[in-house]
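Working notes, structure below.
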C-alpha cells in the first residue's frame, strides 16, 4: 500500500509540473489583439479576403464567448475579423499569433493567407476547445506600418462558442536571441521512414514544405501518428562564430534522430542528464540541444540537417523552438534558463524514479 501511494504521489506531482511548465519558450508580446473584433454569424469564404468590407458587422470583445455577448444559444459557423498595425517587425525572427482557446474548431487567415487551424469542421467534426492556439506567421506576410487583417472562421457544436479565453496577440520567442544562426522557417517534410533520407545527396525536390517549429498537424497532417522526416539545406554566413557549436532543435514530439551532413549527432536518449530523460512518455518535454562534432559542419558550401521523428499520439513533430546553431556560451545560457524555469535538476528525479518506480519493495 505504501508503494502504491508513493507512486500515486509522484504521478500527481509529474502532472502538476507538466501543467505548469509545458510552455518552455519565453514568449514576449509585441502586439496585443485583445479587445473589440468584428463578428458575424454564418459562413462565406470571401470573409477571409482582407479587402472585404465588414463595416456593418457586429462588434464583440475577444476573448469572450459569443453567448454572453448577445448570441445566446447560437451553435454553428461564425467569423471574426480584426485590423491592426505593426510599427516594428523584428528581422529574422519567427512571429507567433496566439489565439487563446477557441470553441470548437477554427481556421485562421492572415492577410488572406491561411496560417493554421485546429479541430475539424463538419461533417468530420472534431473539437479542439481545450487547445491553446499558436500559429506561425510566415516571414513577409505581415505588413509594416500598414493595415493587417486577421480573419478567423469558427465552428461551435454546442454550449459556449467563439474565441473564449487565453492570450491573444503577436509574440516573439526570446530564446531565438540565443541563436547564432536561426534555422527556423520552411523545411522539407515527408511522412514515412527511409534510412536513405539522412543522406545529404538525397533528392527531396518532391517533398512538401512545412513551417518549423510547428506541430505537423498545423501543417496539414491532421491525425497523423508515426514516422516522418524533416530536411533543411543551409550555408554558414561569412565570419561565422568559431569554436564549439551546438545544434538546437527545440522540442520534438516524441522521439528523434538528428543527422548533420549524414552524420548522426544525437537523439533524445542521449540527453540522460536532462529532467525526465529516463522516464518514458516525457520525451516531448525535453529541449534538444546537441553538440556538433568537430568537422561535421562545413564552413563553406552546403550543409544538410535531416531529422527523423516518431510520434505515438496527439500532436507530433518539431513543435517548439529555438531551432538553429548556438555557440558554447549561448548553449550554456539556454540550458541554465531551462533549468531555472522548471526549478529542479535531473539527478533528483533520476534518484526518485529509481527509488520509487524501480522497486516494488
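Tabulated data for the structure shown
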read-out	value
Residue check for residue 232: in contact with a strand residue (DSSP E or B) (Cβ under 6 Å, 6 or more places away or on another chain), surrounded by fewer than 21 Cβ atoms within 10 Å (Cβ to Cβ), farther than 22 Å from residue 299 by Cα and assigned by TED's automatic domain parsing to the domain that holds residue 271	no
Single match in 112, 100 (criterion: at positive phi and in contact with a strand residue (DSSP E or B) (Cβ under 7 Å, 6 or more places away or on another chain))	100
Out of 88, 43, sole residue that is touching a residue at least 12 places away in the same chain (Cβ under 8 Å), loosely packed, with under 13 Cβ neighbours inside 10 Å, touching a strand residue (DSSP E or B) at 6+ places or on another chain (Cβ under 8 Å) and not in a strand (DSSP E or B)	88
Output for the range 137-163, where each listed residue is touching a strand residue (DSSP E or B) at 6+ places or on another chain (Cβ under 7 Å) and either crowded, with 20+ Cβ neighbours inside 10 Å or on the phi > 0 side of the Ramachandran plot (or both)	137, 149, 150, 151, 152, 153, 154, 155, 156, 161, 162, 163
Yes/no for residue 167 being surrounded by fewer than 17 Cβ atoms within 10 Å (Cβ to Cβ) and touching a residue at least 40 places away in the same chain (Cβ under 8 Å)	no
Residue list for the range 107-121, filter: assigned to a loop (DSSP other than H, G, I, E, B), crowded, with 17+ Cβ neighbours inside 10 Å and modelled with pLDDT of 95 or more	111, 121
Some residue of the range 273-280 being surrounded by fewer than 16 Cβ atoms within 10 Å (Cβ to Cβ), under 22 Å from the mean Cα position of the chain (by Cα) and either closer than 20 Å to residue 94 by Cβ or at pLDDT below 95 (or both)	yes
Subset of the range 53-80 [touching a residue at least 60 places away in the same chain (Cβ under 8 Å), touching a helix residue (DSSP H, G or I) at 6+ places or on another chain (Cβ under 9 Å) and surrounded by fewer than 18 Cβ atoms within 10 Å (Cβ to Cβ)]	74
Elements of type strands (runs of 3 or more DSSP E) contained in the range 197-279, each with 1 or more residues being out of contact with any helix residue (DSSP H, G or I) (no Cβ under 6 Å at 6 or more places or on another chain) and at positive phi	226-234, 245-253, 263-267
Candidates 130, 124, filtered to the one that is more than 23 Å from residue 34 (Cβ to Cβ), assigned to a loop (DSSP other than H, G, I, E, B) and at pLDDT below 95	124
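The rows are residues; the columns are (1) at pLDDT below 95; (2) under 23 Å from residue 175 (Cα atoms).
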{"position": "202", "(1), (2)": "no, no"}
{"position": "213", "(1), (2)": "yes, yes"}
{"position": "217", "(1), (2)": "yes, no"}
{"position": "226", "(1), (2)": "no, no"}
{"position": "241", "(1), (2)": "yes, yes"}
{"position": "247", "(1), (2)": "no, yes"}
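To keep it simple, each residue is scored yes or no on (1) outside the structural domain of residue 166 (by TED's automatic domain parsing); (2) modelled with pLDDT of 95 or more; (3) closer than 25 Å to residue 146 by Cβ.
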site: 42; (1), (2), (3): no, yes, no
site: 81; (1), (2), (3): no, yes, yes
site: 87; (1), (2), (3): no, no, yes
site: 96; (1), (2), (3): no, no, yes
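The values are calculated or read from the model by the stated rules, or taken from the named source; none is laboratory data. Because the structure is predicted, anything quoted here is derived from the model rather than measured. Virtual Cβ from ideal backbone geometry, glycine too; neighbours counted across all protein chains shown.
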